[in-house]
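Right, one structure below, let's go through it.
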Amino acid sequence: QINPHYKDSGSLKDLVGEPGLHPSTPVIFRDFRARPSDPDQSLKLRRHQAQAIEIALSGNSYVVTTGTGSGKSLCFFIPIVDAVLKAKQKDQAPRTHAIIIYPMNALANSQMEELRKFLGQKGLVSFARYTGQESAEEREAIRHNAPDIPLTNYMMLEMLMTRQSDLDRDVIANRR
């Protein structure tokens, strides 16, 4: 197999500070391969990841096109989680801060596992899948405990916006 080498660009910790990342962002996105004795356990970035994060921090839009396994998801997960941390620092009221929309459930499910790897049970940023695969109990939990980041698909988002059951209205109202 051929696996291209992507250029390195320092660690996530290097981007902390004004007007950069929230101090908790590199704590969340840590390098699981780092030794406990390593003083900087924050995630080591590839150049395209660092560029995407810097563009996001400047408030501009961007498109990332790189090969499979290059860490594209982190190009949007890191800025989204960082924005949630900053918003929650200003206002602790529970609400949905961002909705991540996938074209299919399989991708939403795999990306949920990726988020779980970093966010786990830390409690700093909450997330939940809302794709139609959830039980009634899980949907009610999302209704009453707004996740910071729901992961959904385009069909479920359309249904939430147009079906307008009490559950749908409450989930959408979590965005306040």
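The values are calculated or read from the model by the stated rules, or taken from the named source; none is laboratory data. Small disclaimer: the values here were computed from a predicted structure and weren't measured. Neighbour counts are summed over all protein chains in view; Cβ atoms, including those assigned to glycine, are modelled from backbone coordinates with ideal geometry. Surface accessibility is based on the protein's heavy atoms, side chains included, excluding ligands, DNA and RNA. Shrake-Rupley method; radii C 1.70, N 1.55, O 1.52, S 1.80 Å.
Quick grid of which residues meet (1) touching an Asp or Glu at 6+ places or on another chain (Cβ under 8 Å); (2) among the polar types (S, T, N, Q); (3) open to solvent by 20 Å² or more (accessible area, probe 1.4 Å):
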residue: Y130; (1), (2), (3): no, no, no
residue: S135; (1), (2), (3): no, yes, yes
residue: R139; (1), (2), (3): no, no, yes
residue: I142; (1), (2), (3): yes, no, no
residue: T152; (1), (2), (3): no, yes, no
residue: R163; (1), (2), (3): no, no, yes
residue: D168; (1), (2), (3): no, no, no
residue: N174; (1), (2), (3): no, yes, no
Count, please, the residues in region 86-97 that happen to be crowded, with 20+ Cβ neighbours inside 10 Å and either modelled with pLDDT under 90 or under 11 Å from the mean Cα position of the chain (by Cα) (or both). 1
Out of all the residues in region 102-123, is one or more open to solvent by 70 Å² or more (accessible area, probe 1.4 Å), over 29 Å from V16 (Cα atoms) and without any contact (Cβ under 8 Å) to a residue 12 or more places away in the chain? no
